[in-house]
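The values are calculated or read from the model by the stated rules, or taken from the named source; none is laboratory data. Values in this document were obtained by computation on a predicted structure and should not be read as measured data. The accessibility values were calculated without ligands, DNA or RNA, using every heavy atom of the protein model including side chains. Shrake-Rupley method; radii C 1.70, N 1.55, O 1.52, S 1.80 Å.
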Amino acid sequence: MGKYDAVVEHKFEMFLSRKKLRYTLQRKIILQIFMKIVGHVTSEELFLKVRSQDSSVGQVTVYRMLKLLCEAGLAEAVSFEDGLVRYEPVREQHHDHLVCERCGKKIEFTNDDIEKLQEAVCSERGFLMTSHHMVLYGICPECDAGKTSSRR
């Protein structure tokens, strides 16, 4: 287990302790699998990954665990144009998304200028921002050049 994994696991254990919940083996397995995710998964997709390693884990357990991970600040729920809620591990640096309307590709990006502008807008209005998620929709370069067929 790497240093980041140990920090995440400790943070989650402390979170569960404050809520007077146990850190069960099933929760540990789900956490470890989820934190290795690259990109975004639905609760169903995560369930299938977890189930392949431990057939005793139920779908409701995975769904509840995702809610706990979000509450603990270790996961973020993201909704794109298809209406499905997807989850991604929270990493050290915040990011936003570009979504291609033709092929569905999701591109993560960071931009310090945008972050500063959002903070300034909130500050000017006396608004305390607790979180945000920005999704920009458009056409990726591959689809714009006609290299990728439309899935829509």
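Restricting to Cα pairs below 8 Å that are 6+ residues apart, what does the relative contact order work out to for the range 1-75? Please round to a whole percent.
Relative contact order for the range 1-75 comes out at 32 percent.
Can you bin the range 64-130 into rounded, prolate or oblate? Criterion: square roots of the alpha carbon gyration tensor eigenvalues sorted a ≥ b ≥ c, rounded for a/c under 1.5, prolate for a/b above b/c, oblate for the rest.
oblate
So which of K20/K49; K20/K105; K67/K106 end up more than 29 Å apart, counting from Cα to Cα?
The pairs that break the limit, which is 29 Å between Cα atoms, are K20/K105.
What is the Cα centroid distance between the range 34-60 and the range 78-115, reported in whole angstrom?
What the calculation gives is 20 Å, centre to centre.
For the chain, set up a Gaussian network in which alpha carbons nearer than 10 Å are linked by springs, and say which option among S131, S56, S79 fluctuates the most.
It is S131.
So for the chain, averaging the separation of alpha carbon pairs under 8 Å that are six or more residues apart and normalising by length, what relative contact order in percent results?
Dividing the mean separation by the residue count of the chain yields 18 percent.
Is the range 3-93 best put as rounded, prolate or oblate by its Cα gyration tensor, with a ≥ b ≥ c the root eigenvalues, rounded for a/c under 1.5, and otherwise prolate when a/b is larger than b/c, oblate when not?
oblate
What part of the accessible area of the chain, given as a whole %, is carbon or sulfur when the probe is 1.4 angstrom?
52 percent
Taking only C-alpha pairs under 8 Å that are 6+ residues apart, what is the relative contact order of the range 44-113 in percent?
Here the relative contact order equals 16 percent.
Residues of the chain: accessible area per residue at 1.4 Å, in Å²?
64 Å²
Once every DSSP H run of n ≥ 4 in the chain is given -39500 (n - 2.57) and the sum is divided by its residues, what mean residue ellipticity at 222 nm do you get, rounded to the nearest 500 deg cm²/dmol?
Helix contribution divided over all residues of the chain: -13500 deg cm²/dmol.
For Kirkwood radius over Cα pairs in Å, the choices are [x] 17.5; [y] 15.7; [z] 20.1; which was calculated from the structure?
Derived directly from the coordinates: [x].
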